[in-house]
Amino acid sequence: MIDCVFKAILGSEEHKGLLIHFLNAVLIPTGSIPIKKVDLLNPFNLKEFMTDKLTIVDIKAEDEQNTKYQIEVHLSGESDRAKHILYTWSTIYQNQLKEGESFNDLNPVISIWLLGSKLIKESELFAHHFSAYDPVNKIYLNRHLNIHILEVSKWNKGNSIDDEQDRWMYFFKEGKNIDIDTPPGCLLTKEMEEAMSVLKKFSEKELEYDIYQNRLRAIRVQKSLEQERDEAVQKLDDAEQKLDDAEQKLDDAEQKLD
């Protein structure tokens with residue numbers, strides 16, 4: 001799930017079949033029609049990853065029905081991740097229209113987020129699909145809003161693969177531990193063998209390996225900074241709570257004196 005490897009697997013013209021397979025694995029269980037063809041809007045470019053600086057790396061594509069797809073991976077957590085996800089979807093949606101164009105020209109946007117940390121604390125399920133739907137009256141406002149969240153850390157089926165989505169989740173969760181030369185039986189499919197061939201390039205080719213290691217170090221630094229920030233915020237919250245408690249005690253004492 002390191003961003004450069006992730007995009008090389010799902011965001012390159014050479015392996016576009018893997019993107020189609022992944023999209024179908026995520027979307028078909030929710031009732032979508034199988035995708036047969038997509039055009040990559042921002043294909044993989046190794047030069048994007050030549051420095052340690054981490055930028056938002058996503059995959060954008062479009063199918064024959066003009067539906068837009070955005071896939072993004074995040075290993076670390078952030079307190080406002082849900083807002084970030086919705087904001088990103090809305091930006092892609094509104095950017096479809098150029099000046100003078102009609103709202104009728106808008107097409108569905110499907111965002112898929114692979115998260116390394118937990119976001120939805122109310123559920124232990126790893127996959128969630130959000131849309132503009134009224135559950136009381138069972139009516140869609142429209143079907144243009146689709147956000148899929150896959151929390152990789154929650155997936156815990158081991159080798160028990162029920163469908164292609166499980167297969168991809170296993171690959172993303174256990175990829176760093178897989179022996180590419182002798183993979184487990186659940187990965188002995190055409191698509192997974194192709195995905196593992198990309199992993200092999202990053203382990204064997206010097207440039208790809210160096211870029212991978214640089215990205216990994218940068219992500220570790222980012223995680224450390226985020227942890228320090230979260231701890232500082234928690235300390236500030238604790239201090240503010242103590243101050244509120246002290247002020248309440250002072251008010252109580254003044255009322256007794258009165």
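The values are calculated or read from the model by the stated rules, or taken from the named source; none is laboratory data. These numbers were taken from a predicted model, which means no experiment stands behind them. Cβ placement follows ideal geometry from the backbone for every residue including glycine, while neighbour counts extend to all protein chains displayed. SASA here: full protein model, heavy atoms, side chains in, ligands and nucleic acids out. Shrake-Rupley method; radii C 1.70, N 1.55, O 1.52, S 1.80 Å.
Data for the structure
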read-out	value
Single condition GLY77 does not satisfy, out of (1) in contact with a Ser or Thr (Cβ under 7 Å, 6 or more places away or on another chain); (2) at pLDDT 95 or above; (3) outside any helix (DSSP H, G or I)	(2)
Some residue of the stretch 28-38 being in a strand (DSSP E or B), farther than 23 Å from GLU174 by Cα, open to solvent by less than 50 Å² (accessible area, probe 1.4 Å) and at pLDDT 95 or above	yes
Single match in ILE211, ILE180, ILE219, ILE139 (criterion: under 27 Å from THR91 (Cα atoms) and out of contact with any strand residue (DSSP E or B) (no Cβ under 9 Å at 6 or more places or on another chain))	ILE219
Identity of the residue in the stretch 157-186, hydrophobic (A, V, I, L, M, F, W, C) and at pLDDT 90 or above, that ends up most open to solvent (accessible area, probe 1.4 Å)	ILE161
Residues of the stretch 49-74 satisfying the condition of being assigned to a loop (DSSP other than H, G, I, E, B), at pLDDT below 90 and open to solvent by less than 40 Å² (accessible area, probe 1.4 Å)	VAL57
Matching entry among ILE147, ILE161, ILE120, ILE139 (being of a type outside the set (D, E, K, R) and in contact (Cβ under 8 Å) with a residue 40 or more places away in the chain)	ILE147
Those residues of the stretch 124-143 which are open to solvent by less than 40 Å² (accessible area, probe 1.4 Å) and within 16 Å of ILE71 (Cα to Cα), in sequence order	ALA127, HIS128
All positions within the stretch 75-87 that are open to solvent by less than 80 Å² (accessible area, probe 1.4 Å) and farther than 17 Å from VAL26 by Cβ	LEU75, SER76, GLY77, GLU78, ASP80, ARG81, ALA82, HIS84
Some residue of the stretch 96-119 being open to solvent by less than 80 Å² (accessible area, probe 1.4 Å), under 23 Å from TRP155 (Cα atoms) and among the basic types (Lys, Arg)	no
